[in-house]
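Presented below is the structure to which this report refers.
What follows draws every value from the coordinates through simple rules; no lab data is involved. Just so it is clear, the model here is predicted, and its values are computed rather than measured. For neighbour counting, all protein chains shown are included, and Cβ atoms are generated from backbone atoms with ideal geometry for every residue, glycine included.
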Amino acid sequence: MKILFIVQGEGRGHLTQAISLEKLLRDNGHDVVEILVGKSEARRLPGFFVRSVHAPIKQFTSPNFLPTQANCRANLPRSVVYNLFKLPEYAESVYFIHRRIKESKADLVINFYELLTGLTYFFFRPSVPQVCIGHQYLFLHRDFGLPKQKRWSMFLLNLFTRLTALGAKRKLALSFHPMADDGTIRVIPPLLRSDVFIQEATEGNYIHGYLLNAGFAQSVRRWHKEYPDIPLHFFWDNLEENDPVKKIDDTLYFHQLDDVDFLRRMAGCKAYASTAGFESICEAMYLGKPILMVPAHIEQECNAFDAVRNGAGVTDEDFNLERLLAFSETYRPNPDFMRWAKSAEHVIVDELEYFLPQSQPHHMYMVEDFV
């Protein structure tokens, strides 16, 4: 089967999911013919993604959230105005996606939460089936149980999620645990990279972290001044920094995003702090690390809400790492999550092979097997 990936390029999660799925598909005899990645002026395509995938990569201009002036959390009004001015460019991107779907001769399009893919299917109705993958589709599931606060923000998030999936034949909702299907929503394990499964987890003396927006570094620095003896290694994608590692002092380092080093330090850390991206939460859970989550926008607030329900960690409005250290004293890894995560290959491949031309799926799977 020939498959085209279309990936939202913001953050790390969707990119690492695409890396994982390409390997799974290649190992099962399928061909990812091309990967289209949404880009913006505020982000750059990480080198680890370019090095890790085999299919040719093409980029297109895509909507994205802009941070506040402090470069921390997303600024919704500013983002809306900015994206309205970019509408002509986004229209060109929709034409580009439509053209690539036709010219790639793909049998299947897999959409990693890219809004313009949904709009392409709405306006052009390509005959190639589309499957959407992402944790966000779990928020649409009748049994998920959304947070009670911020109902307006949740409405907008779910509206955006539905727009990404316009024309989709199936929505594969990545989840921390099994759940029954809900119409076209199928619940599947997280798409962890194979490198995660081969890491040897140890407990070091440092806190590991990831900052979606570089402005959060000021919060980390403030905490570090109060607790200078605790080593901190935080990763970021800071366009203003050219050096791979920015050393503040002997116990505080900011690293440019590199997935090999990121996972190595994740495996060896005492605890993990992040802005609550789904993928890195799953990596920390699999490696048995307690987590502090400081969400940067409503989507990450939902990730954190779900992770706390599953015993993964605690949340805060700032990088108050003493909360993480306190939680780590009573934290216990979740073996059920580890088993669920390991089942990903045959679960996901079975779902996608449903769309094999003139064929039936090679694997048979039922969610009840994991409940």
**Extension gain (nm, one decimal) between SER127 and GLU200, 0.36 nm per residue minus Cα-Cα** = 21.8 nm
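Given a Förster radius of 45 Å and the C-beta distance between GLU241 and TYR354 as r, what FRET efficiency does 1/(1 + (r/R0)^6) yield to the nearest 0.05?
With a Förster radius of 45 Å, E is 0.50.
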**Request:** Two decimals is fine: what's Rg over Rh for the range 197-333, C-alpha atoms, Kirkwood radius as Rh?
**Result:** 0.93
**Request:** Please find the FRET efficiency linking ALA180 to ASP229, where r is the Cβ-Cβ separation and R0 is fixed at 56 Å, and quote it to the nearest 0.05.
**Result:** 0.70
**Item:** Set LYS102/LYS169; LYS23/LYS58; LYS2/LYS171; LYS2/LYS169; LYS39/LYS270 screened for pairs whose C-alpha atoms are more than 27 Å apart
**Value:** LYS39/LYS270
**Request:** Can you find, among ILE35, LEU84, LEU174, the residue farthest towards the positive end of the dipole of the chain? Put +1 on the C-beta of Lys and Arg, -1 on that of Asp and Glu.
**Result:** LEU84
**Prompt:** Check LEU252: other-chain or 5+ apart residues with amide H under 5 Å from its amide H, H built from backbone geometry?
**Reply:** LEU232
**Eligible aspartates and glutamates near LYS289 by straight Cα distance, threshold 16 Å, same-chain separation 8 or greater** = GLU200, GLU203, GLU279, GLU322, GLU329, ASP336
**Request:** With only Lys, Arg, Asp and Glu charged, each at its Cβ (+1 for the first two, -1 for the last two), find how big the charge dipole of the chain is about the Cα centre; round to the nearest 20 debye.
**Result:** 920 debye
**Fill in**
Calculating Cα Rg over 2.2 N^0.38 Å from this structure picks out, from (i) 0.95; (ii) 1.08; (iii) 1.03, entry (i)
**Item:** Extension reserve of the ARG309-LYS169 stretch, reckoned as 0.36 nm per residue once the Cα distance is removed
**Value:** 47.4 nm
**Request:** Distance between Cα centroids, the range 113-136 to the range 253-281: provide it in whole Å.
**Result:** 30 Å
**Request:** Starting with the highest mean, order 48-58, 89-99 by the number of other Cβ atoms within 10 Å, averaged over the residues of each peptide.
**Result:** 89-99, 48-58
**Request:** Could you grab the relative contact order for the chain? Cα pairs under 8 Å, six or more apart, rounded to a whole percent.
**Result:** 16 percent
**Request:** Within 10 Å, count the other beta carbons around each residue, average over each peptide in 264-275, 151-162, and list them highest first.
**Result:** 264-275, 151-162
**Request:** Report, by chain and number, residues whose modeled amide H sits under 5 Å from the one on LEU36, excluding near sequence neighbours (fewer than 5 apart, same chain).
**Result:** PHE5, ILE6, VAL7, LYS58
**Asked** Can you work out the FRET efficiency for the pair PHE85 and LYS150, with r the C-beta to C-beta distance and R0 = 25 Å, to the nearest 0.05?
**Response** 0.40
**Asked** If you take the charge dipole of the chain about its Cα centre, with +1 on Lys and Arg Cβ and -1 on Asp and Glu Cβ, which of ILE188, VAL131, ALA304 is farthest toward its positive end?
**Response** VAL131
**Asked** If we sort 222-235, 131-144, 177-190 on the protection proxy, mean other Cβ atoms within 10 Å, highest first, what's the order?
**Response** 131-144, 177-190, 222-235
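For the range 277-320, which GluC sites (Glu not before Pro) are in a loop by DSSP, counting at most 13 other Cβ atoms within 10 Å?
GLU317
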**Request:** Go ahead and estimate [θ] at 222 nm for the chain from helices alone: -39,500 (n - 2.57) per DSSP H run with n ≥ 4, summed, over the residue count, rounded to 500.
**Result:** -11500 deg cm²/dmol
